[in-house]
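The values are calculated or read from the model by the stated rules, or taken from the named source; none is laboratory data. Given the structure is predicted, the values throughout are model-derived calculations rather than measurements. FYI the Cβ positions are ideal-geometry reconstructions off the backbone, even for glycines, and counts take in every protein chain you see. Each accessible area value is taken on the protein alone, full model and side chains, heavy atoms only, with ligands, DNA and RNA left out. Shrake-Rupley method; radii C 1.70, N 1.55, O 1.52, S 1.80 Å.
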Amino acid sequence: MDYLQIKRSTNLKGKITISGAKNAALPIIAMTILAKNRVTIQNTPQVADIKTLIKLLQNLGAKAEFKNSTLQIDTADINSTKATYDIVRTMRASILVLGPLLARFGHCEVSLPGGCAIGARPIDLHLSALEKMGAKIEIKDGYVIADAKDGLNGANIVFDKITVTGTENIIMAAALANGVTKIFNAAKEPEVVQLCEILNQNGVKIEGIATSELTIHGTNKNLINLDEITVIPDRIEAGTYMCAVAITGGDVTIENINPDHLVAITSKLCDMGVECKLSQNSIRVISDGNLKPCNIITTEFPGFPTDMQAQFMALASIADGVSSIDERLFENRFMHASELSRMGADIKLNGHIATITGGSLNGADVMATDLRASSALIIAALRAEGITRIHRIYHLDRGYENLESKLTAIGANIKRLSE
Ligand code: EPZ
């Protein structure tokens, strides 16, 4: 098994180019099920989650070619609508094929994703919305069995909680529905916005894009032609590298970003004493490594993203004072706290609130537990005295492309070794 060996690194310098957003590319790949043409997707990140979803579509009969960052998918020959447990259990976002498969074929069986390290992550909101659109949903032997023989109908959907993939699933289902679907309390994450923009530019009229109220005019089962797509930059990858510079000290320009997607992250880093110089598609991060404490409440976009919570807990571990983090989205997203504590972090957990008293960190053997927790351990290891070895880094490979080479290029002391 691979592990990362990281030594204290200071004064990072140079440039990092951000890859395409995993969480934008996943719904876009699922959306190709709605297309009648072969779809070209540029700037697709070469990470495990993307390869998993491509494999799932190939198992259904789709054809796919993935070279460098260009992905071509043709779903014309899909001959199965059963997304099996062996794949879905490895990547819960596979649930994103439910809406498009049901809308196009009128029947599909998708394995229940099951929970994951950060929480139960139910899909009840996805399923109740599809039922409102006329689907018959049955849960049997661990599968969602969905039927809509006469197609889906437009409906008014009110999400009790804001759900990113729930919103994306219903947008794609509504795209082929008969009539108009309104989604109230829709997610507004940039990844949801890109999905809407692509559909709207390719024959599915959508109003209210980037707001919490979406109106989708369905094509009544007419498949769409999708023009070439370029995936938006990954705001969480960018935020992760910004934190790496913040904790080690240095002067690094992060290129290929959309500053509008980073407002909450940039604002919090500035509060902690980090200088962020924005330009049209890059951000220069300057830090002396001395950080003020922070108070964070995670919430939906444009608020502070839960996917950056772990990384900021690492920053808080060495800040000059006491920080607090209130994790409002997931019930178990503090798995990184115990691993950071093994490096000497002073973290007290009380339900969904973490209180962190800044101090120093020492290298240790630690274990990654989920994708973003892994990146928090890397950030802490770059600051810790001595050597840190991070095990189970397959979690990391799900969402960060070429992480070691990007960090090495700016002077970080990080190596991927095998045990
Ligand atoms: C998406 O997950 C992201 N994944 C997650 O990123 C991200 O953390 C999350 O949104 C929140 O921003 C992808 O986009 C592939 P939710 P998703 O549905 O859609 C509850 C990463 O690191 N809920 O917005 O699964 C749920 O339990 C990953 O890249 C229901 O109760 O999250 C949670 O408490 C981790 N019922 C809250 O809503 C439902 O039917 C938000 O979940 C659906 C969700």
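Residues to consider are Val164, Val110; find the one that is of a type in the set (Val, Ile, Thr), in contact with a helix residue (DSSP H, G or I) (Cβ under 8 Å, 6 or more places away or on another chain) and either in contact (Cβ under 8 Å) with a residue 60 or more places away in the chain or on the phi > 0 side of the Ramachandran plot (or both). Walk me through it before giving the result.
Working: Val110 fails: either in contact (Cβ under 8 Å) with a residue 60 or more places away in the chain or on the phi > 0 side of the Ramachandran plot (or both).
Exactly one residue qualifies, and that residue is Val164.
Could you please find all residues in the stretch 208-231 being out of contact with any helix residue (DSSP H, G or I) (no Cβ under 9 Å at 6 or more places or on another chain) and part of a loop (DSSP other than H, G, I, E, B)?
Thr211, Ser212, Asn220, Asn222, Asn225, Glu228
Can you find a residue that is touching a Ser or Thr at 6+ places or on another chain (Cβ under 8 Å) and at pLDDT below 95 anywhere in the stretch 354-370?
Yes, the stretch 354-370 has at least one match.
Would you call Glu197 open to solvent by less than 10 Å² (accessible area, probe 1.4 Å), charged (D, E, K, R) and either under 25 Å from Asn68 (Cα atoms) or not in a loop (DSSP other than H, G, I, E, B) (or both)? Quick ask: steps written out before the conclusion?
Details: open to solvent by less than 10 Å² (accessible area, probe 1.4 Å): no; charged (D, E, K, R): yes; either under 25 Å from Asn68 (Cα atoms) or not in a loop (DSSP other than H, G, I, E, B) (or both): yes.
Spelling it out, it is not the case that Glu197 is open to solvent by less than 10 Å² (accessible area, probe 1.4 Å), charged (D, E, K, R) and either under 25 Å from Asn68 (Cα atoms) or not in a loop (DSSP other than H, G, I, E, B) (or both).
How many of the residues making up the stretch 212-231 are crowded, with 24+ Cβ neighbours inside 10 Å and within 18 Å of the chain's Cα centre (by Cα)?
The qualifying residues number 1.
Among the residues of the stretch 107-131, write down those that are away from the ligand (no atom under 12 Å from the Cβ) and buried (at least 17 other Cβ atoms within 10 Å of the Cβ).
Those that are away from the ligand (no atom under 12 Å from the Cβ) and buried (at least 17 other Cβ atoms within 10 Å of the Cβ): Cys108, Glu109, Val110, Ser111.
Could you please give the count of residues in the stretch 1-55 that are modelled with pLDDT of 95 or more, away from the ligand (no atom under 13 Å from the Cβ) and of a type in the set (A, V, I, L, M)?
12
List pairs: first in the stretch 215-232 and farther than 16 Å from Thr44 by Cβ, second of a type in the set (Lys, Arg) and not in a loop (DSSP other than H, G, I, E, B), Cβ under 9 Å, 6+ apart or cross-chain?
Thr215/Lys182; Ile216/Lys182; Lys221/Arg104; Leu223/Arg104
What strands (runs of 3 or more DSSP E) completely inside the stretch 232-319 contain at least 3 residues that are under 13 Å from Ile16 (Cα atoms) and open to solvent by 20 Å² or more (accessible area, probe 1.4 Å)? Break it down stepwise before answering.
Values: elements: 250-255, 275-279, 282-287, 295-297.
Of the strands (runs of 3 or more DSSP E) lying wholly inside the stretch 232-319, those with at least 3 residues that are under 13 Å from Ile16 (Cα atoms) and open to solvent by 20 Å² or more (accessible area, probe 1.4 Å) span 250-255.
Here are Gly359, Gly411, Gly344: which of them is farther than 21 Å from Cys294 by Cβ and assigned to a loop (DSSP other than H, G, I, E, B)?
Values: Gly359 fails: farther than 21 Å from Cys294 by Cβ; Gly344 fails: farther than 21 Å from Cys294 by Cβ.
Answer to the selection: Gly411.
Could you say whether any residue in the stretch 180-193 is modelled with pLDDT of 95 or more, of a type outside the set (A, V, I, L, M, F, W, C), closer than 19 Å to His217 by Cα and buried (at least 24 other Cβ atoms within 10 Å of the Cβ)?
Of the residues in the stretch 180-193, the ones modelled with pLDDT of 95 or more are 180-193.
Add one more test, that the residue is of a type outside the set (A, V, I, L, M, F, W, C), and what stays is 181-182, 185, 188-191.
Pick out the ones that are also closer than 19 Å to His217 by Cα and you get 181-182, 185, 188.
In the following step, the residues that additionally are buried (at least 24 other Cβ atoms within 10 Å of the Cβ) were identified as 181.
Yes, that holds for at least one residue.
Checking the structure you have, find out if any residue of the stretch 113-129 is of a type outside the set (Lys, Arg) and at positive phi.
Narrowing the stretch 113-129 to residues of a type outside the set (Lys, Arg): 113-120, 122-129.
Next, from what is left, pick out any that are at positive phi: 114, 119.
Checked the stretch 113-129: at least one residue is of a type outside the set (Lys, Arg) and at positive phi.
Can you tell me how many residues in the stretch 168-179 are open to solvent by less than 10 Å² (accessible area, probe 1.4 Å) and away from the ligand (no atom under 13 Å from the Cβ)?
The total comes to 6.
Conditions: (1) over 16 Å from Ala316 (Cα atoms); (2) within 24 Å of the chain's Cα centre (by Cα); (3) open to solvent by less than 30 Å² (accessible area, probe 1.4 Å). Ile379 meets all but one. Number of the miss?
(1)
Restricting attention to the stretch 203-211, does a residue exist that is closer than 16 Å to Val39 by Cβ and surrounded by 24 or more Cβ atoms within 10 Å (Cβ to Cβ)? Break it down into steps so the answer makes sense when it comes.
If we filter the stretch 203-211 for residues that are closer than 16 Å to Val39 by Cβ, which is where we start, we get 203-204.
Those still in the list that are surrounded by 24 or more Cβ atoms within 10 Å (Cβ to Cβ) too: none.
No, the conditions are met nowhere in the stretch 203-211.
Can you tell which of Asn362, Asn350, Asn332 is under 24 Å from Asp2 (Cβ atoms) and either open to solvent by 20 Å² or more (accessible area, probe 1.4 Å) or in contact with a strand residue (DSSP E or B) (Cβ under 9 Å, 6 or more places away or on another chain) (or both)? Lay out the reasoning, then the answer.
Working: Asn350 fails: under 24 Å from Asp2 (Cβ atoms); Asn332 fails: under 24 Å from Asp2 (Cβ atoms).
Exactly one residue qualifies, and that residue is Asn362.
Give the residues of the stretch 394-413 that are buried (at least 22 other Cβ atoms within 10 Å of the Cβ) and either in contact with a Gly (Cβ under 6 Å, 6 or more places away or on another chain) or among the hydrophobic types (A, V, I, L, M, F, W, C) (or both), sorted by residue number.
Residues satisfying the conditions are Leu396, Leu403, Leu407, Ile410, Ala412.
Scan the stretch 89-106 for residues that are at pLDDT 90 or above, in contact with a strand residue (DSSP E or B) (Cβ under 7 Å, 6 or more places away or on another chain) and within 16 Å of the ligand (Cβ to nearest atom) and report the count.
Qualifying residue count for the region: 5.
Which pairs do you get when a residue that is among the polar types (S, T, N, Q), found in the stretch 338-361, comes within reach of a residue that is open to solvent by less than 50 Å² (accessible area, probe 1.4 Å), reach meaning Cβ atoms under 6 angstrom, with the pair 6+ apart or on two chains?
Correct list of pairs: Ser341/Ile347; Thr355/Ser324.
Search the stretch 81-106 for residues being among the small types (Gly, Ala, Ser) and within 18 Å of the chain's Cα centre (by Cα), and hand back the single one that is least open to solvent (accessible area, probe 1.4 Å). Walk me through how you get there before you give the answer.
Taking the stretch 81-106 first, the residues among the small types (Gly, Ala, Ser) are 83, 93-94, 99, 103, 106.
With the extra rule that they be within 18 Å of the chain's Cα centre (by Cα), the set shrinks to 93-94.
On the way: Ala93: 19, Ser94: 0 Å².
The residue in question is Ser94.
State the number of residues belonging to the stretch 133-167 that are buried (at least 16 other Cβ atoms within 10 Å of the Cβ), under 20 Å from Pro27 (Cβ atoms) and within 16 Å of the ligand (Cβ to nearest atom).
Final tally of qualifying residues: 12.
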